[in-house]
1. Enter the Cα centre distance for the pair the stretch A:832-855 and the stretch A:890-963, rounded to the nearest angstrom.
2. With N denoting the number of residues in the stretch A:475-623, provide Rg(C-alpha) divided by 2.2 N^0.38 Å, to two decimal places.
3. Over the Cα atoms of the stretch A:119-190, what radius of gyration and what Dmax do you get, in Å?
4. Once the whole set of protein chains is in place, how much accessible area is left on A:T912, using a 1.4 Å probe, in Å² to the nearest 10?
5. Give me Rg/Rg_expected for the stretch A:591-635, where Rg uses Cα atoms only and Rg_expected = 2.2 N^0.38 Å with N residues.
6. I want to check the label-to-label distance for A:K30 and A:K859. Put each point 7 Å from Cα in the C-beta direction and report it in nm to one decimal.
7. Using a probe of 1.4 angstrom, how much of the accessible area of the stretch A:251-310 is carbon and sulfur, in percent?
8. Between beta-carbons, use under 11 Å as the cut-off and find the net charge around A:C507, counting Lys and Arg +1, Asp and Glu -1.
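The values are calculated or read from the model by the stated rules, or taken from the named source; none is laboratory data. Keep in mind the model is a prediction, meaning the values are calculated, not measured. For neighbour counting, all protein chains shown are included, and Cβ atoms are generated from backbone atoms with ideal geometry for every residue, glycine included. What goes into the accessible areas is simple: the full protein's heavy atoms, side chains included, and nothing from ligands, DNA or RNA. Shrake-Rupley method; radii C 1.70, N 1.55, O 1.52, S 1.80 Å.
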Amino acid sequence: MMYNFNEIEAKWQKYWAEQQTFKAENNSTKPKYYVLDMFPYPSGAGLHVGHPLGYIASDIYARFKRHKGFNVLHPQGYDSFGLPAEQYAIQTGQHPAITTEANIKTYRRQLDQMGFSFDWSREVRTSSPDYYKWTQWIFIQLFNSWYNNSSNKAESIDTLVDVFSKEGNSNVDAVCDAAIPVFSADEWNSFPSDRQQQLLLQYRLTYLAETEVNWCPELGTVLANDEIVNGVSERGGYPVIRKKMTQWSMRISAYAERLLQGLDTIDWTDALKESQRNWIGKSVGATVVFDLIDHDSTIEVFTTRPDTIFGVSFMTLAPEHELVHQITTPAQKSLVDAYVLATAKRSERERMADVKTISGVFTGAYAEHPFTKKAVPVWIGDYVLAGYGTGAVMAVPCGDQRDYDFAKHFNIEIPNIFEGIDISNEAFTDKGTTIIANSDFLNGLEYKEASKRAIEALEAKNHGLGKINYRLRDAVFSRQRYWGEPFPVYYINGLPQMIAAEHLPICLPEVEKYLPTEEGEPPLGRAEVWAWDTTLNTVVENHKIDHKTIFPLELNTMPGWAGSSWYFNRYMDPHNTTEFASSEALNYWKEVDLYIGGSEHATGHLLYARFWQKFLFDLGVVPVDEFAKKLINQGMILGNSAFVYRVNLKIINKSKIDIDDKGNQRYPLDALEEVTVRSNVFASNKFLESITKNSISTSNSVFTAQNLEISEVLMRAFKIDDKGIGLVKDHSHLLWISYDPIRIDVNNVDASDRIIDFKKLQSWKEFDNANFLDDQGVLIKEGGEFTTGREVEKMSKSKYNVVNPDDIISDYGADSLRLYEMFLGPLEQYKPWNTSGITGVHNFLKKLWKLYIGQDGLKVTEAEPSKDHLKTLHKTIKKVTEDIENFSFNTSVSTFMIAVNELTAQGCTSKTILEPLLVLIAPYAPHIAEELWEQLGHIESITTAEFPEFDASHLVESVKAYPISFNGKMRFTLELPLDLSKEEIEAAVMRNEKTLAQLEGRVPKKVIVVPGKIVNIVG
RNA sequence: GCUGAAGUGGUGGAAUUGGUAGACACGUUGGACUUAAAAUCCAAUGUCCUUUGGGACGUACGGGUUCAAGUCCCGUCUUCAGUACCA
């Protein structure tokens, strides 16, 4: 009987599905354990071998925990709202729900054939109305809440209204819009309702505000900061500009401190916590108020160095600062206006790219130093950002490098307030223990004490306050897209109204096109049926809007992170129609015990989800305020991309040519001159012998990496054949050349097999000397200036480096794929995929099979196990148990290989050994384990078997092969009984003839004996 | 620049509290089986020297601690990831 993996895997996948083997119960006497994967976005491309890495790890852990007697919740679902489905809909007119459904089918098929132990009865989809009903519900709760700094939690907006009507807002310590005026109870009660609503909006945890947003014209939507990478959109790489729009925002800034503190209570990786800390960006300092001379207004600045206040010699405002126009003197007006205009024109990206140029303009205005009363000139400069702090700084050139550079550039005074520090070349930015000087009452103090005193003095003069600032901005929550959650919001007089929870969900309306309207409204503006009837409490046709009982609905939709910010709670009770999850379910499962996913979500999903969880906790609807106890980031599996390079060579001084011992000419490093290699350089050789990324050899010369300026990427190759010839795939009739797409004449391209024949590209000159292939792709002539090579990078369809798990599974089986992905290396590490290595684990499975099944069937007997058998088994149990608990899955695969190799060599057939061995392997290779388990005569699934217990007594040794070292170098081993004393070991070693041979008559100075470990002879 | 992680054979990677560096695989080479190929099995495989026995050198680089360092300490370099005029 052969190991027929395809048959076995199909059989057991069917069995698990039919028996609902992995269904988790919400009631159990067993302890609970919740293992969660970050749910996938079902893209059209399907899964590649990199995707399941984390799923395999979590699956092994989930299966292990089941064997260990836990009630395991291991669900899976889909983050199924999102841009790609919508982009596809725009191109094809296909409804995103239909393509999403089709993609989910593919994902499900691919996930099923991996043998994952997901409880599919709990599947969630963020795009399903049953699910997004509750996303909308959470939105309403956020709208109905404000953040009370005194109680340090979110509270119902009703409590705020109550306070306002009794005592106004002067005593309220809330996280809210900074521009709210102070009002009394009488004033509040006299405000018209619209005015009250407008004021309340500025306290709510989700609010409408005109904000400057990141607008992506190509995508037609706003993006959150974490959706922008290097100034372009994360998806698609389109440019992003700043634009003012009225948008929904989430007041995540209210939770900044708690999000920061909470990090100390959870077991997440340090790298991930650190990036969240940076993103939150807490800085402790003070705000300082400077009075303007000859003006009523004041300038407020934020500083982390109040101790350096006597070093202030000017102030700088961001060009966008609202005071700029008020305070600029007539004499400076034209210069200032020109500068403001110029900075407004520069994109964010240009400003980021260009940090060296120092620019700025004097406004003509002066502020008064709060202590010295000296006049301080007020400048504007684009090194000050409008969006951080107050958009203004007090410049201390001796203590801040940017202020220093600015002062030097514009010849502004640089007073030194540090004792014994030379500031003639650069600013002194260390906080350390330097003594402050020339600073009145701060003289002689160090940073810490001086800061404290300065803040006290400022507060006493009412000229400032100790303050903590956070970089974390409120998150924009509106997207001008179709394929997202609709808001449960309609508008009366431009003021947002929530639809009552009992009328949810508000389902996405049908539209005939997925583009913005001609008037620039979001796609929902195209819906015929998109108005709210407040008497019938239902969605009705637009044309009925009368602004009396029927009102317009919100046209924006929610961003991608809305649905993913709470899904882990839904899995606990996914079919509940009256609550997002019952309190029984929430209190039973509480939080995710182990969460596995990619580190790219560090400052997006993982921060927003923590925020919502804390809010839901404040609301009293979830029992814990951190949703995931432990989190592991799986590393990415990288692809092997093929490239065609153009080789450039620089030769400087031909008189320096070397001849090496093989007679090759060699150009030394310092002999380089700028010459781009053309084939005529090699005219005498006609053809190159070899070109690699690092060297070129011709029949009589070798050019090495130092004098090659290679690796100008010419194009991405579809693959490289075994002759090293790159085949360039024509995907969308574009070839990528020198980073620029150059359109190739499609008529000259053999599009049928999508492999470009170089011969047909002769119209393009650069290819005249390329490697030519015939119609079968076989090399017929080797050219000169091109070479092919491989580089490791992220797996992606567009890089032609994707390996499809379907192919691996049909060739080797899911168990092989699972084992191999684990065997590749540590879970958290980035590692390249290499298909050829899979034969190793596949052979292992075959050997495992042969250990149980021979040509005549089952080999397993009731024979008593030998000591060696037991030793092999128990050292395997020990190692594998430790490995799983440490998430070191790669080493347990090696341990299995060693165990099977040893047991095979020992000829072990004993059931006492082979039965527990299967349970050890079952989490990793569940199909083969189930099959052999059944062959051993079991009726119940192996998943119900208990994990074997390690028994140390089987590993007790009586002898040890001691490594005998001389001066720390191991020379030979000597087998000695373990119960010898130090002295006995030393005596045994010293009388050994090998020792005597090593010593050659010398007398050792010292002999170190560590019983059970090593002997080292020094001499 | 800052923060975090990491540098070990041709490759992926192993190495408890400092105690036999290179486990386990891949690849390569040689051999067996076969008409042949595939599959399978066996052997060798860090580098260099050596007739064998064996020896020298080896965990990015330079120092140090120690009987003993991939592991600990100091300094340097490189790579990857994140972040960036954050006052």
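1. The stretch A:832-855 and the stretch A:890-963 have Cα centres spaced 16 Å from each other.
2. Details: Rg = 17.8 Å, N = 149, 2.2 N^0.38 = 14.7 Å.
Normalised Rg, Cα atoms only: 1.21.
3. My reading of the Cα-based Rg and Dmax gives 17.9, 58 Å.
4. Rounded to the nearest 10, the figure is 80 Å².
5. Numbers: Rg = 11.1 Å, N = 45, 2.2 N^0.38 = 9.3 Å.
Compared with the compact-globule rule of thumb, the stretch A:591-635 sits at 1.19.
6. 3.3
7. 45
8. Details: positive: A:K133; negative: A:D130, A:E485, A:E510.
Charge balance in the 11 Å sphere: -2.
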